[in-house]
Structure formats: C-alpha cells, structure tokens
Amino acid sequence: MRCACGQKNPPEARFCMACGQALEAPLPEERRHVSVVFFDLVASSERFREGLGPAYQGLKEALEEAARVARAKGGFVHRFLGDGILVLFGAPRARGREPWRALEAALEMVAASPLPGRAGVASGLALWAPLGSGQAGEPTAVGPPVVLAERLSKLAAPGAVSYTHLTL
C-alpha cells in the first residue's frame, strides 16, 4: 500500500514506514451514551517495596479478576491504566441496561478483588473516536463520564463504589 508521502509499504502495514501516517481509512467517530466504571487499586505503589516481580504479580491478578467480572456483566475492558482498569458499558456496542450492569460490575469488582480496591461509576454522553490520528489503531472514549468515573474512584473509600445520580 502506498502512502500519501510516496512510501511503498507492505500490505500488512497499518502505518507508513517512512512518515508514520495511518494507512487505513480513518476510524469512525460517534457519540454514545455510556456508563463507565473506573476500578482502582488502593495504595498499590506501596506494594512495589516488596519488589517489582511480586508487586506486578499482585496487580496482574487483581486487575485480571476485575476484567473478568466486568466482561461477565457485559462490559468492554477499554484500558488497563497502571493500577486501574477502565470499563465501558454501551461502547463499542450497546446491550441495554448499561447503568445497572455497570453498577453491578463495579460492586462485584470491588468485592472480588484480592487487593483493596475502589470504583467510580458515571454515565452520560461520550465521544467514541480515535485520538492521535488513529495511531493507537482503535477508538478511545472521551467525555465527561470517563473523567468523572476516574475522579469518583479516587473519592471512594477502599472497598466502596461512588457513582453519579445519572447512573441510576
């Protein structure tokens, strides 16, 4: 596939090997009503005093369990972010009852976590679109519910879930 810069690239290339520009058609943008869960482990940085390997193993187990619970409730595991996980309900596709499923998932994620965790849940309109000219190769959810869910998780006490009135 030839890039606009003139570089010829192999057929499996997603980005130009000369200039880095995305070779595929641009990813679509769409507005979606979503419910967002941000699950966060409490005081996880203290675990690194035990060493990188043991701390990583503990974080890995806790976040994989949170992801398992979220997927079982129909959530889309959007990102692992350090010691947290961002889960979307309603994107990339809606299944119905997103706010309820998000809240159920958050409560179960906190209860099932082998390490102390907390969660924030927010619902609202978000933009499902590529950032960085699509260099990540997938859309990203941006908007008030994404930011609010992360902030609510930081306000929640260990073992608790904070949520907005719009989620219910």
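The values are calculated or read from the model by the stated rules, or taken from the named source; none is laboratory data. For clarity, every value in this text was computed on a predicted model and none was experimentally measured. Glycine gets a Cβ as well: all are built from the backbone with ideal geometry, and neighbour counts include every protein chain shown. Surface accessibility is based on the protein's heavy atoms, side chains included, excluding ligands, DNA and RNA. Shrake-Rupley method; radii C 1.70, N 1.55, O 1.52, S 1.80 Å.
Numerical summary
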read-out	value
Members of segment 67-116 found to be in a loop (DSSP other than H, G, I, E, B) and touching a Gly at 6+ places or on another chain (Cβ under 7 Å), listed by number	Arg95, Leu115, Pro116
Options Glu64, Glu138: the member that is surrounded by fewer than 17 Cβ atoms within 10 Å (Cβ to Cβ), acidic (Asp, Glu) and under 30 Å from Cys19 (Cβ atoms)	Glu138
Residues of segment 10-60 classified as polar (S, T, N, Q) and touching a strand residue (DSSP E or B) at 6+ places or on another chain (Cβ under 7 Å), total	2
The lone exception for Glu98 - which of (1) touching a residue at least 12 places away in the same chain (Cβ under 8 Å); (2) open to solvent by 50 Å² or more (accessible area, probe 1.4 Å) it fails	(2)
Residue, modelled with the lowest pLDDT, within segment 21-47, restricted to residues that are touching a Ser or Thr at 6+ places or on another chain (Cβ under 9 Å) and part of a loop (DSSP other than H, G, I, E, B)	Pro26
Failed item, numbered, when Cys16 is tested on (1) hydrophobic (A, V, I, L, M, F, W, C); (2) farther than 19 Å from Ala129 by Cβ; (3) under 24 Å from the mean Cα position of the chain (by Cα); (4) modelled with pLDDT under 90	(3)
Yes/no for Phe38 being farther than 24 Å from Leu155 by Cα, in contact (Cβ under 8 Å) with a residue 24 or more places away in the chain and of a type in the set (Phe, Trp, Tyr)	no
Flag for Ser35 being among the hydroxyl-bearing types (Ser, Thr, Tyr) and in contact with a helix residue (DSSP H, G or I) (Cβ under 6 Å, 6 or more places away or on another chain)	yes
Residue tally, condition farther than 10 Å from Ser35 by Cα, assigned to a strand (DSSP E or B) and of a type in the set (A, V, I, L, M), over segment 117-135	3
Flag for Ala91 being more than 19 Å from Arg47 (Cβ to Cβ), crowded, with 18+ Cβ neighbours inside 10 Å and at pLDDT 95 or above	no
